[in-house]
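Okay, structure first, notes after.
The values are calculated or read from the model by the stated rules, or taken from the named source; none is laboratory data. Remember, predicted model here, so these are calculated numbers, not experimental data. Here the Cβ is made from the backbone with ideal geometry for all residues, glycine too, and neighbour counts use every protein chain on show. Protein only, heavy atoms only, side chains kept; ligands, DNA and RNA dropped before computing areas. Shrake-Rupley method; radii C 1.70, N 1.55, O 1.52, S 1.80 Å.
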Amino acid sequence: HAELVTRLRAAWLSGKTRPMEYRVAQLEALGRFLDEKKQDILEATASDMGKPPFEVEISEISICRSELNHALNNLGTWMKDEHVEKNWAVQLDSAFIRKDPYGVVLIIAPWNYPIHLLLGPLIGAIAAGNCVVMKPSEISRNVERLVAETLPRYLDQDCFAVVTAGVEETTKLLENKFDYIFFTGSPSVGRIIMTAAAKHLTPVTLELGGKNPCYVSDTCDVQNVARRVAWGRFFNAGQTCVAPDYVLCSAEMQEKLLPALREAIAEFYGPNPQDSPDFARIVGDEQFQRVQALLRSGHAAIGGQTDAEARYVAPTVLVDVQQDDPVMQEEIFGPILPILTVASVDDAIAFINARERPLALYVFSSCKKVVNRVLERTSSGGFCANDTIMHMTLTTLPFGGIGTSG
């Protein structure tokens, strides 16, 4: 892809992407793509992982539309020079910060939200005046094909290109010099991306993942907690980087939470979630085998059923889970929720702090002191109290991890 990168760099050096009018035109074209290809997006995501239309609407299309509107509404302000305070020696001079594009940037998107996590970074890259090489995930094949075949028709092909590639080809792609790399995926691949970027001293944004804790205190509305945790965990069949990965609570709270979770799952997905039009599937056979193996940890108090042919794993709640069980050694990325018991909020904080810092951290409590104690004594990319995932809906909040979570 050296020739492609060279061509895009020439376009960027020509100054073509810098005028505000150009950036607006490309962003508006992206909006037309979302509008005109909405049905195709719904069909492609359904083919790849059985995504329910409602989930696609809110987590792929609407969230991109919000990002687009936010960029279009603020672009003029973002592009303005920022004049700074001067000292006595330069009172007659002009001193300012100019927001400059990086140049040719590479966006590598994952399969779990293949539209949102490709177009989200793309919106920022276009708004900033860059040329972009996009690499959608080869695992979500139908979305990859849709993006590769149709997105270039909407954008200026001198400045924006889609590359389809597997692991080997992506490795070769990374040998090229980019001016910025935006990668979404796992910490293990993030290390490979960062190593490749280091050869060219290329700045990188890594949006990774990890095990997001969810502490449930004894003072809370149990039904409310169950519904919000179940929604956050089982949305997209658990294949969400900010999903609550495990619950920490007292033994007494676990007794109350289990029937409430059973009720919430039945309310959302019916008596047999496999028949529900609102429950997605695992994306591929390899991922299915990995998730199925995690069911051997503890025992299933709710769910636990699987169907390899349909790549179906039931919404599952595990109890009697040990800290060294396989399900606690990696990000689950499937519809499994382990519950571990702790004696107090301080024990929960110690448990969280003994591990890598998560992408998101959740706490449920009707006591503000408990919420603030967890917030102040832990470190995470994002923090959400008395809900799950909802912080992702705000375009005004920054998003990212810390350490191995990004």
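Observations, loosely collected:
- Of the accessible area of the stretch 273-315, computed with a 1.4 Å probe over protein heavy atoms only, carbon and sulfur atoms account for 41 percent.
- Cα-based shape type of the chain, given that a ≥ b ≥ c are square roots of the gyration tensor eigenvalues and the cut on a/c is 1.5: prolate
- Packing, taken as the mean count of other beta carbons within 10 Å per residue, orders the peptides 87-98, 333-344 from highest to lowest as 333-344, 87-98.
- Within the listed set GLU168, GLU356, GLU144, the residue fluctuating most in the Gaussian network model of the chain (springs between alpha-carbon atoms under 10 angstrom) is GLU168.
- Helix 187-199 axis, angle to the chain major axis (alpha carbon atoms, nearest 10°): 20 degrees
- Whichever aspartates and glutamates have a C-alpha closer than 16 Å to that of LYS369, once near sequence neighbours (fewer than 8 apart) are set aside: ASP218, ASP346, ASP347
- Modelled spin labels at VAL167 and ASP324, positioned 7 Å past Cα toward Cβ, are 2.9 nm from each other.
- You can think of it this way: the chain between HIS299 and ALA29 has 92.2 nm of extra reach, that is 0.36 nm per residue less the Cα-Cα gap.
- Label-to-label distance for GLN289 and THR205 is 3.5 nm, based on points extended 7 Å past Cα in the beta-carbon direction.
- Using the 1.4 Å probe convention, the accessible area of the chain works out to 45 Å² per residue with neighbouring protein chains retained.
- If only the Cβ of Lys and Arg carry +1 and only the Cβ of Asp and Glu carry -1, the dipole of the stretch 213-392 around its Cα centre is close to 440 debye.
- Restricting the calculation to Cα atoms, every distinct pair contributes to the Kirkwood radius of the stretch 213-392, found to be 16.2 Å.
- Computed accessible area, GLU57, all protein chains, 1.4 angstrom probe, square angstrom: 60 Å²
- Cross-link reach list, lysines versus LYS16, counting only Cα pairs under 24 Å and skipping chain neighbours closer than eight places: LYS80, LYS99, LYS135, LYS177
- Extreme residue, positive dipole direction of the chain, given options SER250, PHE96, LEU4 (C-beta unit charges): PHE96
- The chain, dipole about Cα centre (Lys/Arg Cβ +1, Asp/Glu Cβ -1), debye to the nearest 20: 900 debye
- Charge dipole (debye, nearest 20) of the stretch 239-335; +1 at Cβ of Lys and Arg, -1 at Cβ of Asp and Glu: 80 debye
- The simple Förster model, with R0 at 51 Å and r as the Cβ-Cβ distance, assigns CYS367 and GLU3 a FRET efficiency of 0.25.
- Bridge orientation summary for the chain: considering DSSP beta bridges with both residues in this region, about 20 percent are antiparallel.
- The stretch between SER188 and ASP307 holds 40.0 nm of extra length on full extension. This uses 0.36 nm per residue minus the Cα-Cα distance.
- Formal net charge of residues neighbouring TRP78 (Cβ-Cβ distance under 14 Å; K, R +1; D, E -1): +1
- HIS70 contributes about 50 Å² of solvent-accessible surface, heavy atoms of the protein only, 1.4 Å probe.
- In range of the label at GLU43: residues from the stretch 109-151 whose backbone nitrogen is under 16 Å from the point 7 Å along Cα→Cβ: 141-151
- Portion, in percent, of the accessible area of the stretch 1-208 that falls on carbon or sulfur, probe 1.4 Å: 54 percent
- In the chain, the calculated helix contribution to ellipticity at 222 nm averages -13000 deg cm²/dmol per residue, counting -39,500 (n - 2.57) for every DSSP H run with n ≥ 4.
- Average silhouette area of the stretch 79-134, convex hull of alpha-carbon atoms, in square nanometres: 5.2 nm²
- Among VAL84, VAL371, VAL24, residue whose mean-square fluctuation peaks in a GNM of the chain (springs only between Cα atoms under 10 Å): VAL84
- log10 of Debye I(q)/I(0), alpha-carbon scatterers only, for the stretch 1-208 at 0.09, 0.17, 0.18 Å⁻¹: -0.37, -1.19, -1.31
- Just the protein heavy atoms count here, and of the accessible area of the stretch 346-406 at 1.4 Å, carbon and sulfur take up 54 percent.
- Of all the options CYS220, CYS384, CYS131, the one that moves most in a Gaussian network model of the chain with Cα springs shorter than 10 angstrom is CYS220.
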